[in-house]
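Worksheet: the structure to be examined is printed underneath.
Here, each number is a calculation from the coordinates, and none is a lab measurement. It should be emphasised that the depicted structure is a prediction, and the values quoted were computed from it without experimental measurement. For neighbour counting, all protein chains shown are included, and Cβ atoms are generated from backbone atoms with ideal geometry for every residue, glycine included.
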Amino acid sequence: MDSVLAEILTIADELLRTEKESPRAPKIRAEDMALGFDLSLPATGKSEAEVLDLLRQVVKRTPKTSGRRFFNQLFAGRAPMATAGEMLASLLNSSMYTYKVGGPNILLEWELSKKMCSCAGFKDGDGTFLPGGSLANLVGMVLGRNRALPGFREKGAQGKRLTMYVSTNGHYSVRKNAGLIGIGRENCIDVAVDENGRMDPAALQRQIERDLKEGALPAVVIATSGTTVRGSFDSIPDLADICQKFGLWLHIDGAVGGTLLLHPQYRDFLTGSERADSLTWDAHKMMGIPLTCSALLVKDPEILFDSFKEVADYLFQADSDHLNPGNRSIQCGRRNDALKLWTAWQRLGDEGWAQRIEKQMSLSRYAAKRISQHPKLVLCEQPSFITVGFYVPGKSSAEICEQLHVSGEAVIGYGDYGEHQAIRLVTMNPEVSEAEIDALLEAAVATAAALPAAAVTST
C-alpha cells in the first residue's frame, strides 16, 4: 500500500508540474484515446506497476480542468487544502449517515451547514450535502412539492396537477427533476425573462393566476442566482413577494452564484435570500473545491426530517437524529464531501473566500474591458458576474471554440446572447492572469482569421 501511495503522489506531482509548465492540452478524439494503451478490462489482473502506468496514461490524457487555459465550464482551479481533505476522505472511506461511522466528520459537516445557512440568512436552518447541484435542486423541489401537498409523500399526487416555475434561462436540471419527482416535465413552466436575463415577476404572477384558474396547484418557484450563460440573478425580493401572496415554496438555485454570499459587497446579488425556503450552493464551482461538493440549505430545520426520515433500526442504532444525518438525506451511503470544504475553510477563512471572489470578478471586468477595446472583437454586454460573452463578426463562435480546443490553445464554450451565438469566457479560476486573458483573446482572433466567413452568425 505504501509503495502504491508513493507512486500516486508521483503521478499527481507530474500532473501539477505539467499544468504549470505546459498548459496547452490539444483535443484527443474519442476514437484516438486508446492509442498507446489498452482500456479493456482483463480476465487476469495486472501487476501494480502495470496498473499504475495505465493510471499515468489516463491522467496524461484527461482534460486539465484546473489548468489556466480551461475557460469552458464552471471550474475554479484548486483550493490546495481542499485537495488534501479530498484525498484523506478517500482513505478514511467513511459514510456520512451516522455519527457511529462518521465521527467528527458529522460534526464538521454540521458546522458547515450552520455557517452556510447563516450566510444565506437562514438563522435556525439546516442542510445536507449532495453529489451535485442538480440533486440539490431536486431535494429543494421535493420539499416544495411536499409542502404544497402534504400527503404527497404517502399517497402521491391524488389526482392533483402540481406546477413549478423557473425562468427560460434556468438550469436544465429543474425540468429533468420535475419528471423524476412525479410533477411531470410539462408542468414545469418556463417563465419569460427581462432584457437582463432575469425572471419577469409580472409574467410569473400571470402564469400562476392562469394555472389556478385551470385548477392546478402551484407549488414551487425556482429563482436562479447566476444563470449558466449570461450570469443573471433573478430578483429574489420580487419573487418572494409573489410566493408569499400565493403560498408557494421559493427555492434558489445558487449553484453558481451562492458563493457570492461570502463577499461583503457582492452578496447583494442575492439580496432577499433570507426570504427563500431553500437554497442550492455548489462549493465545487466558485470555491474551487474538488467535485462533488454541493449543499442544499433549508430555513425550516425540521423539513428535511419530515420529508426523508425512515425507520431503519439496523442502521440508526445510537445517538440522536441530529447526529445521524442519514435521517435528513435522500441517500443512505453518502460520501464525505464535507471534509475537503471544511479543510479549505480552515485555511482561507471568510476573508480568503472574499479575496478569491474579488479576483474572479476583477478578471471578468478586465476581460470585458479588453474585448471592448479590441478592433476585431465585439462584447455582447457588460458582465455583472463572471461570464463574458463576445464574438468575432462574420465568424462562427462554435467553430472558433472547436479550433481553439483542437490546437490546445484553450478549452472554451459558446452560448446564446440574444441575437448572437457568442464565445462564453468564464473567469472562474482566480489563478488565471490578465496576460493569459489577453493571450486567449488574441488566440481567438487569430483562429477566426483562418476560418471562412460564417453563413449565419446570429441565432
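Can you tally the net charge around Arg334? Count Lys and Arg as +1, Asp and Glu as -1, for every other residue whose Cβ sits under 13 Å from the Cβ of Arg334. Summing Lys/Arg as +1 and Asp/Glu as -1 gives 0.
Tally the DSSP beta bridges in the chain and give the antiparallel ones as a percent, rounded to 5. Antiparallel bridges make up about 55 percent of those DSSP assigns within the chain.
Annotation: lysines with alpha-carbon distance below 25 angstrom to Lys46 (same-chain offsets under eight excluded): Lys60. Note that the range 261-269 has calculated 3J(HN,Hα) couplings of 4, 8, 10, x, 9, 6, 4, 5, 4 Hz, one per residue in order, obtained from phi through the Karplus relation 6.51 cos²θ - 1.76 cosθ + 1.60 (θ = phi - 60°); glycine and proline are x. When mean projected area of the Cα convex hull in nm² is calculated for this entry, the matching label among (1) 24.8; (2) 22.0; (3) 23.6 is (1).
Here's how it looks for Ala410: its modeled amide H is under 5 Å from those of His405, which are all 5 or more places away or on a different chain. Can you give the local net charge around Leu239? Use residues other than it whose beta-carbon is closer than 11 angstrom to its beta-carbon, Lys and Arg +1, Asp and Glu -1. Summing Lys and Arg as +1 and Asp and Glu as -1 gives -1.
Restricting to Cα pairs below 8 Å that are 6+ residues apart, what does the relative contact order work out to for the range 395-455? Please round to a whole percent. Computed value for the range 395-455: 42 percent relative contact order. Our helix-only sum for the chain, with -39,500 (n - 2.57) per DSSP H run of n ≥ 4 divided by its residues, gives a mean residue ellipticity at 222 nm of -13500 deg cm²/dmol. A simple count of charges around Pro290, restricted to other residues whose Cβ falls under 13 Å of its Cβ and scoring Lys, Arg +1 and Asp, Glu -1, yields +1. Summarising the label geometry, the points placed 7 Å from Cα in the beta-carbon direction at Glu351 and Glu31 lie 5.7 nm from one another. The three principal axes of the Cα atoms in the range 292-338 give end-to-end lengths of 28, 24, 16 Å, sorted in falling order. Its Cα gyration tensor gives the range 7-58 an equivalent ellipsoid, and the semi-axes of that ellipsoid, as √(5λ) in whole Å with the largest first, are 23, 18, 5.
Quick one: compute the contact order of the chain, relative version, from alpha carbon pairs under 8 angstrom and 6+ residues apart, as a percent.
Numbers: 842 pairs, mean separation 94.7, N = 459.
It rounds to 21 percent for the chain.
Taking θ as phi - 60° and the Karplus parameters 6.51, -1.76 and 1.60, the scalar couplings of the range 185-196 work out to 4, 5, 8, 9, 8, 7, 10, 4, 10, 8, 5, 9 Hz in sequence order, x denoting glycine and proline. The trypsin sites (Lys or Arg not before Pro) of the range 67-152 that DSSP puts in a loop, and whose beta carbon has at most 14 other beta carbons within 10 Å, are Lys123.
Listed here are the pairs Lys115/Lys176; Lys123/Lys285; Lys115/Lys245; Lys176/Lys340; Lys114/Lys285; Lys20/Lys395; which of them are more than 22 Å apart at the Cα? Please report the intermediate quantities before stating the final value.
Details: Lys115/Lys176 30 Å; Lys123/Lys285 24 Å; Lys115/Lys245 30 Å; Lys176/Lys340 29 Å; Lys114/Lys285 20 Å; Lys20/Lys395 32 Å.
In this structure, Lys115/Lys176; Lys123/Lys285; Lys115/Lys245; Lys176/Lys340; Lys20/Lys395 exceed 22 Å between Cα atoms.
Grouping the Cα pair distances of the range 1-98 into 10 Å bins from zero gives a pair-distance distribution of 12, 35, 37, 15, 1 percent in increasing distance order.
Could you grab the relative contact order for the range 95-335? Cα pairs under 8 Å, six or more apart, rounded to a whole percent.
Numbers: 468 pairs, mean separation 65.4, N = 241.
Relative contact order for the range 95-335 comes out at 27 percent.
Residue-wise HN-Hα couplings along the range 285-300, as the Karplus relation 6.51 cos²θ - 1.76 cosθ + 1.60 with θ = phi - 60° gives them from phi, are 9, 4, 7, x, 7, x, 4, 9, 7, 10, 10, 10, 9, 10, 6, 7 Hz; Gly and Pro carry x.
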